[in-house]
1. Name the single residue that is farthest from residue 114 (Cα to Cα) among those in segment 146-173 being surrounded by fewer than 18 Cβ atoms within 10 Å (Cβ to Cβ) and in contact with a strand residue (DSSP E or B) (Cβ under 8 Å, 6 or more places away or on another chain).
2. What do you reckon, is residue 286 loosely packed, with under 11 Cβ neighbours inside 10 Å and either at pLDDT below 80 or out of contact with any helix residue (DSSP H, G or I) (no Cβ under 6 Å at 6 or more places or on another chain) (or both)?
3. What do you reckon, is residue 259 surrounded by fewer than 17 Cβ atoms within 10 Å (Cβ to Cβ), at pLDDT 75 or above, in contact with a strand residue (DSSP E or B) (Cβ under 8 Å, 6 or more places away or on another chain) and in the same structural domain as residue 318 (by TED's automatic domain parsing)?
4. Determine whether residue 181 is assigned to a loop (DSSP other than H, G, I, E, B), modelled with pLDDT under 95, closer than 26 Å to residue 323 by Cα and out of contact with any helix residue (DSSP H, G or I) (no Cβ under 9 Å at 6 or more places or on another chain).
5. Quick one: which helices (runs of 4 or more DSSP H) lie wholly within segment 31-108 and hold at least 1 residues that are at pLDDT 80 or above?
6. What is the residue count in segment 90-140 for residues that are in contact with a helix residue (DSSP H, G or I) (Cβ under 7 Å, 6 or more places away or on another chain) and within 30 Å of residue 204 (Cβ to Cβ)?
7. Can you tell me which residue is nearest to the chain's Cα centre (by Cα) among those in segment 109-146 that are assigned to a helix (DSSP H, G or I) and over 30 Å from residue 23 (Cβ atoms)?
């Protein structure tokens, strides 16, 4: 059995204690606010969070930060003059109601801690299309078919339990089929890894296949395979359409920081070799220049549009594929997750917590 996280235990204990403390001042709050049920009182306070705080984008790490944003949002909204908020401000000056609101907000923060402290993908980065023509797929965070195309349910992105852009992510959401409401699901990691290997074979690049095989070995040997970032093949520059301008050989996103890195396998045979006979030196140099500029422009395009820096591996590098993968591997280790609130902080914020 997995060892229970002491921080989770502390949060749950604090939530229980705060709930009991809130009950002690409820009667006085009813008199101060004119509300006569716990449900009505809680709805009155809780319904304001979405109005006062940008919950879809703010990264909130402490209860004090949450309360500060809530109060700042309340004051900003009050300046616009809604009668309901003006009444709320009047109630907020009353002692018991003020205490109740403080406890309610702290408890709300703890209940939704994992969502509130999580950095999530930006709007333009929450979908990925990858693969070659007629064999490409979409990976979304919260996929839904809108009747015409795939999109994310933006309201649910922060609440997902899996780590973004990992093996666990693709096992949960599956892959979206372009122009079709069908999804391609995998029942276990081995199924996805077999699919990934098939994608590498389609490229007909022995180097890409060898790198994928190294990645598969890493995943299968890991104690936490579902947390390993995806090694995404053939990232499409132009999205889901059949025609596309560029494809990036491999792509990785850190699930905690959302930092990106790309890898381009660039042997001379496919990225620089010149064709034809009886060409002048001028013609050869012109073709070589065009090949070189195409590679540079491709890397710059990915950085300009997606902020993806790209590492290139040429023939000399590819002579030692183990060394190439050793350079890729650190990006497949996302590091530690953002530090959670420690037990000592709970004692500081909530004195009764042991």
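The values are calculated or read from the model by the stated rules, or taken from the named source; none is laboratory data. This is a predicted model, so every value here is computed, not measured. Every residue, glycine as well, gets a Cβ built from its backbone with ideal geometry; the counts of neighbours run over all protein chains shown.
1. Looking at residues that are surrounded by fewer than 18 Cβ atoms within 10 Å (Cβ to Cβ) and in contact with a strand residue (DSSP E or B) (Cβ under 8 Å, 6 or more places away or on another chain), I get 151.
2. For residue 286, the condition - loosely packed, with under 11 Cβ neighbours inside 10 Å and either at pLDDT below 80 or out of contact with any helix residue (DSSP H, G or I) (no Cβ under 6 Å at 6 or more places or on another chain) (or both) - is not met.
3. Yes: the conditions hold for residue 259.
4. Answer is no for this residue.
5. Result: 38-46, 49-52, 63-78.
6. 5
7. 125
Okay, residues lined up against (1) part of a helix (DSSP H, G or I); (2) closer than 28 Å to residue 122 by Cα; (3) in contact (Cβ under 8 Å) with a residue 60 or more places away in the chain; (4) assigned by TED's automatic domain parsing to the domain that holds residue 258:
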site	(1), (2), (3), (4)
163	no, yes, yes, yes
168	yes, yes, no, yes
191	yes, no, no, yes
197	yes, no, no, yes
208	yes, no, no, yes
213	yes, no, no, yes
220	yes, no, no, yes
233	no, yes, yes, yes
